[in-house]
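Accompanying notes for the structure given below.
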């Protein structure tokens, strides 16, 4: 079977990359501006042995980088999200143009975009990502992490290929882990005073509370902002003082599909890295799709 190569941009701590690798894709480079994120990838060298660059895509010329079969872009989604309307910052982002620049110049066999569903409302972004000459484009929206994990997380997945290829939407797996199964037996967690105040109704809105005793319970989206406010989503736990508590870092990582031997530093900012990541199993589905494509067209790709 042909083993395609891939480069990742805006890689974060490597959720997408890990999923692609699990499917059989060979990663040759990852890039992110966030040093804490790239340090996290490098700390997990038992998974990532490829080049991990702490750099700004705006400073990187295309032709000075190694070529790959697949280019993956998970550029920041903050300004595509409805929450940005509150602050009047929902104007899109020019980072997509730098990702577009890499696709347009290198012309890989396949490119992948992952973002929030709100990206569809930005006509300029969607035109750039879907109208490149010579590519067939499949868009899946929403793709929900709850297909694989006990977390509700809806995303837009866009896959461009040089050859026409039928791609099926993912379905919920039969053996999806339950919320209860991802909780730690002896959790160690922070319980700041502001969490207690929110529980007691001191804030305008109450926390989102999930009950792991329900087999169908699904946690709300793992957000990066959890690093700053642990009170927004809590899990019921009869063993703790208030009957509810924040998720631990390891539980948050499990909600995103990271295996337990994937290392995160035991500090609050780890929630941000995890919340910004692509769920690992979502990346694996994309990788499996890529493997099917390259298996089908491997002979014609090799001749080019």
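Values in this text are rule-based calculations from the coordinates and carry no lab data. Because the structure is a prediction, the values reported are computed rather than measured. A quick note on method: Cβ atoms are made from the backbone with ideal geometry, for glycine too, and the neighbour counts reach across all protein chains shown.
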Somewhere in segment 232-240, is a residue over 24 Å from residue 260 (Cβ atoms) and surrounded by 13 or more Cβ atoms within 10 Å (Cβ to Cβ)?
yes
Go through (1) farther than 19 Å from residue 272 by Cβ; (2) out of contact with any helix residue (DSSP H, G or I) (no Cβ under 6 Å at 6 or more places or on another chain) for residue 22 and report which single condition fails.
(2)
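On the given criteria, is residue 122 surrounded by 19 or more Cβ atoms within 10 Å (Cβ to Cβ) and out of contact with any strand residue (DSSP E or B) (no Cβ under 8 Å at 6 or more places or on another chain)? Spell out the reasoning first.
Working: surrounded by 19 or more Cβ atoms within 10 Å (Cβ to Cβ): yes; out of contact with any strand residue (DSSP E or B) (no Cβ under 8 Å at 6 or more places or on another chain): yes.
When the stated conditions are applied, residue 122 passes them.
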Does residue 26 satisfy the condition of being over 18 Å from residue 259 (Cα atoms), buried (at least 19 other Cβ atoms within 10 Å of the Cβ) and free of Cβ contacts under 8 Å to residues at least 60 places away in the same chain?
no
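Hey, among 271, 293, which residue is part of a helix (DSSP H, G or I) and in contact with a strand residue (DSSP E or B) (Cβ under 7 Å, 6 or more places away or on another chain)? Don't jump to the end; show me each part of the working.
On the way: 271 fails: in contact with a strand residue (DSSP E or B) (Cβ under 7 Å, 6 or more places away or on another chain).
Of the residues listed, the single one that is part of a helix (DSSP H, G or I) and in contact with a strand residue (DSSP E or B) (Cβ under 7 Å, 6 or more places away or on another chain) is 293.
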Please specify each residue of segment 137-153 satisfying the condition of being without any contact (Cβ under 8 Å) to a residue 40 or more places away in the chain and under 13 Å from the mean Cα position of the chain (by Cα).
144
Before we move on, is residue 193 more than 30 Å from residue 174 (Cα to Cα) and either more than 27 Å from the chain's Cα centre (by Cα) or free of Cβ contacts under 8 Å to residues at least 40 places away in the same chain (or both)?
yes
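Can you confirm whether residue 252 is within 18 Å of residue 153 (Cβ to Cβ), free of Cβ contacts under 8 Å to residues at least 40 places away in the same chain and surrounded by 24 or more Cβ atoms within 10 Å (Cβ to Cβ)?
Numbers: within 18 Å of residue 153 (Cβ to Cβ): yes; free of Cβ contacts under 8 Å to residues at least 40 places away in the same chain: yes; surrounded by 24 or more Cβ atoms within 10 Å (Cβ to Cβ): yes.
Spelling it out, residue 252 is indeed within 18 Å of residue 153 (Cβ to Cβ), free of Cβ contacts under 8 Å to residues at least 40 places away in the same chain and surrounded by 24 or more Cβ atoms within 10 Å (Cβ to Cβ).
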